[in-house]
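Chemist: Dropping a structure here in structure tokens format, bear with me for questions.
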Amino acid sequence: MTSAETKSHGIFSFKDEKTQPDPVFEYPSSIADSNVPLIIDNGVYKCRAGWASLEEPQLVFKNITAKQKGKKELEVQVGNEINNIEVVKWILRTQFDRNLVTLYDVQEQIYDYIFAHLGINTEGCVNHPIVMTEALCNPGYCRQQMSELLFECYHIPSVTYGVDSLFSLYKNQDVTELTNSLILGCGYQNTSLIPVVGGRVSSANCRRINMGGAQLDAFMQRLLQLKYPGHMAAITLSRAEELVKDHCYMAEDYIKELEAWTDNDYYENNVTKIQLPYNAAVSGSQLTAEQLKERREQQIRRLKESNAKRRLEKLQMEEEKLMQLISVQELLDDEDEEAFNRALLSLPYETAEELQVDITKLTMSIQRMKAKIKGIDLPTDEETKKPAVYDLIDIPDDQLTPDQMSTKKRQRMLKNAREGRLRAQAIQREKQQKEMEEEKKLEQRRIKDFNGWLQLIRDKRKKLLDIRNAKKQRKADLAKRRTYASQQRMKMITQLVSGGSKKKKEDTFGQNDADWEVYKEIHPENADSDSEAEEDKLEELETLLKEHDPEFQREMDQTMGQTGEFDIAEYYRLHLAVEKIRVPELLFQPSMIGIEQAGIAETMDFVLKKFSPESQNKLAQNVFITGGNAMFSHFKERLEHELLAMRPFQSTFSVSIAKNPILDAWYGARKFALSPLFTTSSITRAEYEEKGGEYLKEHWASNRYFPTPMSSK
């Protein structure tokens with residue numbers, strides 16, 4: 001399908017964009033000699049890094065690493081070096097747990113990647129102050145570990161920490177001591193509500209919702225996989241992420257939008273169709289007769305190989321089970337009756353006779369399967385080569401000692417087992433001989449009278465299908481209480497219960513609910529031992545028909561309901577309809593996926609009510625949205641709709657969105673690094689050594705610093 005056709009029909013295709021490795025930039029002397037600050041927005045989803053002297057970040061990559069087991073440390077792949085995330089998703093690592101850095105070995109690999117690609121070549125140190133983002137209300141321990149990594153491993157001169165959402169506000173507004181704002185930070189792992197009062201964060205009134213971009217992507221993938229189970233493998237998390245980013249939008253009134261999607265005309269006009277990649281099959285009219293014959297032979301060959309492989313796997317399983325049972329039975333031959341009884345307790349048998357019955361059944365089943373597998377001869381009976389000694393069986397019991405009586409019992413059991421196996425092998429050889437003779441007759445008939453042979457194969461297949469369908473119907477009838485089959489079966493049970501008494505008495509079994517429960521318990525699910533053999537025979541007949549009858553496959557397709565033309569392109573097409581609003585709605589209704597937390601609107605109302613009416617009004621005049629999820633269209637309108645419902649009658653409010661919700665945190669940190677506040681807000685190495693790694697110099701874009709209380713002795 002051409003791009004013009006795709007666009008005109010409103011059908012999209014997945015971009016499946018492959019990342020390109022980041023270049024290694026030069027380390028110019030103008031940057032090296034002037035100690036230009038390095039700006040790092042250490043986001044959970046993506047990391048952005050670059051020099052403060054440049055207007056754009058030089059590195060933007062996903063904050064993940066991948067390392068093959070057994071590989072050297074130098075072969076760790078970071079961010080854009082991972083070309084296909086889906087291939088290595090099982091070995092991906094990130095330094096974050098939710099939105100907190102907890103794995104500092106991974107963080108060190110990220111730093112190495114940043115410094116190396118920015119061209120920093122100073123040995124043993126990074127001679128640049130760093131401005132870095134951290135999580136809202138970041139614990140002192142996490143900051144301590146980060147400062148220790150930066151100062152002890154990279155020997156940086158100073159570091160400044162700030163909250164990404166606050167840096168984004170600073171980029172979009174002039175923040176002063178009079179600034180009041182309610183920031184909605186939409187992150188990858190969570191959504192934060194941050195009240196800023198008098199130019200400072202009110203940490204005690206901040207709230208976090210455990211719902212972010214990661215949960216939205218996973219929800220989209222789950223919805224589509226349930227909707228299209230045939231394409232489960234093709235609907236990857238990366239593709240779900242692409243759909244959320246490119247096609248989802250925020251519903252201004254969710255209930256009203258849901259009702260609109262129930263209208264067929266609205267659905268047809270607004271549904272988004274996404275074409276999954278597929279390889280169009282070559283139509284039959286473009287193939288020659290020789291190509292069609294060759295393709296048919298390949299299909300038949302693959303079918304035979306698949307059947308043979310399945311039989312071999314089943315044969316191996318049954319042989320292993322048979323060897324286990326025989327090894328238990330051989331304990332009797334070793335005169336270890338105590339070990340035999342212990343082994344019997346671990347198996348579903350109460351007596352040695354029950355064990356022998358199953359051994360005989362397994363032996364016959366294995367012999368039958370071996371006869372069907374081409375190129376495998378029946379094993380010779382080794383037992384006929386071994387002399388069997390049963391010298392006590394014919395001696396009367398009154399002439400034997402107690403020990404001899406026990407030995408006689410064991411000899412009788414072993415003799416019965418041996419005779420049972422020999423009978424099973426003899427029956428199987430006889431059956432195999434008859435089948436071989438029948439096959440020879442059929443082959444001769446196929447050569448002499450092909451049409452008659454073909455009709456005979458069809459008749460045999462039809463007979464087996466009729467038998468199978470009759471058994472299915474009977475099984476269904478037995479599962480229903482009021483059918484004739486189940487009533488007849490319960491009458492038979494009545495006779496068994498009465499012990500075969502000839503006295504006539506009223507038959508009331510089956511009239512009570514308790515009788516029905518008894519009947520269901522004793523009703524066998526797989527009582528027919530011939531079903532397996534019938535299925536194998538049916539499989540053989542269908543293989544012959546596929547090989548010799550060109551019309552058979554067409555009839556099978558019609559039986560399966562595949563008559564008429566089949567639009568393969570439509571089969572590989574996803575319809576994105578109500579999912580476009582249902583996925584973003586999770587931010588306002590986390591309970592849709594079982595998360596017992598309030599959504600954005602309820603949490604915002606809760607935060608506002610923590611303040612006086614005057615402060616509430618000030619905060620409502622500057623509601624600021626930033627972060628990746630702020631990119632959803634109509635997000636601003638939805639939040640205004642919610643504020644209109646929660647705020648007092650005729651009160652005013654104002655909602656704004658960051659100019660660039662994704663990069664404004666880096667831009668704001670760069671703006672801060674170039675301001676006079678930077679010098680007074682930096683933590684120097686001397687201060688780190690004196691006051692500890694958790695020490696934080698507060699500024700308007702930072703967290704609040706709460707020193708760890710000293711333990712009293």
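Chemist: Suppose the filter is surrounded by fewer than 13 Cβ atoms within 10 Å (Cβ to Cβ) and modelled with pLDDT of 80 or more; does E294 pass it?
Modeler: The answer is no for E294.
Chemist: Right, another one. Residue by residue through segment 328-360, note down the ones that are in a helix (DSSP H, G or I), farther than 20 Å from S406 by Cα and at pLDDT 75 or above.
Modeler: Result: D358, I359, T360.
Chemist: Would you confirm, using the coordinates I've provided, whether L619 is among the hydrophobic types (A, V, I, L, M, F, W, C), open to solvent by 40 Å² or more (accessible area, probe 1.4 Å) and not in a loop (DSSP other than H, G, I, E, B)?
Modeler: Against the criterion (among the hydrophobic types (A, V, I, L, M, F, W, C), open to solvent by 40 Å² or more (accessible area, probe 1.4 Å) and not in a loop (DSSP other than H, G, I, E, B)), L619 does not qualify.
Chemist: Separate question: From the residues in segment 603-613 that are in contact (Cβ under 8 Å) with a residue 40 or more places away in the chain and either assigned to a loop (DSSP other than H, G, I, E, B) or open to solvent by less than 70 Å² (accessible area, probe 1.4 Å) (or both), which one is nearest to K636 (Cα to Cα)?
Modeler: By that ranking, first place goes to M604.
Chemist: Test R222 against the criterion of being in a helix (DSSP H, G or I), among the basic types (K, R) and touching a strand residue (DSSP E or B) at 6+ places or on another chain (Cβ under 8 Å), and give yes or no.
Modeler: So R222 fails the test.
Chemist: Taking segment 144-164 as the search range and keeping residues that are assigned to a helix (DSSP H, G or I) and open to solvent by less than 10 Å² (accessible area, probe 1.4 Å), which one is farthest from F588 (Cα to Cα)? Don't jump to the end; show me each part of the working.
Modeler: In the first step, residues of segment 144-164 are kept if they are assigned to a helix (DSSP H, G or I); the result is 144-153, 164.
From the residues that got through so far, the ones that are open to solvent by less than 10 Å² (accessible area, probe 1.4 Å) too are 147, 150-151.
Working: S147: 36, L150: 38, F151: 41 Å.
Out of the qualifying residues, it is F151.
Chemist: Quick one: would you say Q286 is at pLDDT 75 or above and among the polar types (S, T, N, Q)?
Modeler: On the way: at pLDDT 75 or above: no; among the polar types (S, T, N, Q): yes.
Spelling it out, it is not the case that Q286 is at pLDDT 75 or above and among the polar types (S, T, N, Q).
Chemist: Only one of these is over 23 Å from E419 (Cα atoms) and modelled with pLDDT under 75: Q299, Q316. Name it.
Modeler: It is Q299.
Chemist: As an exercise: evaluate F649 against (1) open to solvent by 50 Å² or more (accessible area, probe 1.4 Å); (2) of a type in the set (F, W, Y); (3) under 44 Å from the mean Cα position of the chain (by Cα) and give the number of the one condition it does not meet.
Modeler: (3)
Chemist: For Y111, only one of the following conditions fails: (1) buried (at least 17 other Cβ atoms within 10 Å of the Cβ); (2) not in a helix (DSSP H, G or I). What is its number?
Modeler: Y111 satisfies every listed condition except (2).
Chemist: Considering only strands (runs of 3 or more DSSP E) fully contained in segment 33-107, which possess at least 2 residues that are surrounded by 14 or more Cβ atoms within 10 Å (Cβ to Cβ), over 31 Å from the mean Cα position of the chain (by Cα) and modelled with pLDDT of 90 or more?
Modeler: The strands (runs of 3 or more DSSP E) meeting that bar are 38-42, 46-51.
Chemist: Pairs needed: first member in segment 31-45, touching a residue at least 12 places away in the same chain (Cβ under 8 Å); second member anywhere, open to solvent by less than 10 Å² (accessible area, probe 1.4 Å) and assigned to a loop (DSSP other than H, G, I, E, B); C-beta distance under 6 Å; at least 6 residues apart or different chains.
Modeler: Listed by first residue and then by second, the contacts come to N35/H128; V36/A52; P37/A52; L38/H128; I39/A52.
Chemist: Taking only pairs six or more apart or across chains, which ones have beta-carbon atoms under 7 Å, a first residue in segment 350-361 that is over 15 Å from R412 (Cα atoms), and a second residue that is open to solvent by less than 50 Å² (accessible area, probe 1.4 Å) and not basic (K, R)?
Modeler: As it stands, the answer is D358/L325; I359/L322; I359/L325; I359/I326; I359/Q329; I359/A417; T360/G420; T360/A424, since those pairs meet every condition given.
Chemist: Report, by residue number, each residue of segment 622-639 that is closer than 20 Å to I209 by Cβ and either within 32 Å of the chain's Cα centre (by Cα) or outside any helix (DSSP H, G or I) (or both).
Modeler: Residues satisfying the conditions are V623, F624, I625, T626, G627, G628, N629, A630, M631, F632, H634, F635.
Chemist: Among the residues of segment 661-676 satisfying the criterion of being outside any helix (DSSP H, G or I) and of a type outside the set (S, T, N, Q), which is least open to solvent (accessible area, probe 1.4 Å)?
Modeler: Looking at the filtered set, the residue picked out is P661.
Chemist: Just a yes or no: is a residue in segment 650-660 free of Cβ contacts under 8 Å to residues at least 24 places away in the same chain and in a helix (DSSP H, G or I)?
Modeler: No, because not a single residue in segment 650-660 is free of Cβ contacts under 8 Å to residues at least 24 places away in the same chain and in a helix (DSSP H, G or I).
Chemist: Please identify the pairs in which a residue from segment 585-602 that is within 18 Å of V655 (Cα to Cα) has its Cβ atom under 9 Å from the Cβ atom of a residue that is part of a loop (DSSP other than H, G, I, E, B) and open to solvent by 60 Å² or more (accessible area, probe 1.4 Å), counting only partners at least 6 apart or on another chain.
Modeler: Close Cβ pairs (under 9 Å, with a partner that is part of a loop (DSSP other than H, G, I, E, B) and open to solvent by 60 Å² or more (accessible area, probe 1.4 Å)) amount to G599/Q589.
Okay, residues lined up against (1) assigned to a strand (DSSP E or B); (2) of a type in the set (S, T, Y):
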site	(1), (2)
L184	yes, no
S192	yes, yes
V196	yes, no
R208	yes, no
D217	no, no
A234	no, no
A251	no, no
I255	no, no
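The values are calculated or read from the model by the stated rules, or taken from the named source; none is laboratory data. Computed from a prediction, not measured in an experiment: that's the story for all the values here. Because the Cβ atoms are built from the backbone with ideal geometry, glycine has one as well, and the counts that use them run over all protein chains shown. Surface accessibility is based on the protein's heavy atoms, side chains included, excluding ligands, DNA and RNA. Shrake-Rupley method; radii C 1.70, N 1.55, O 1.52, S 1.80 Å.
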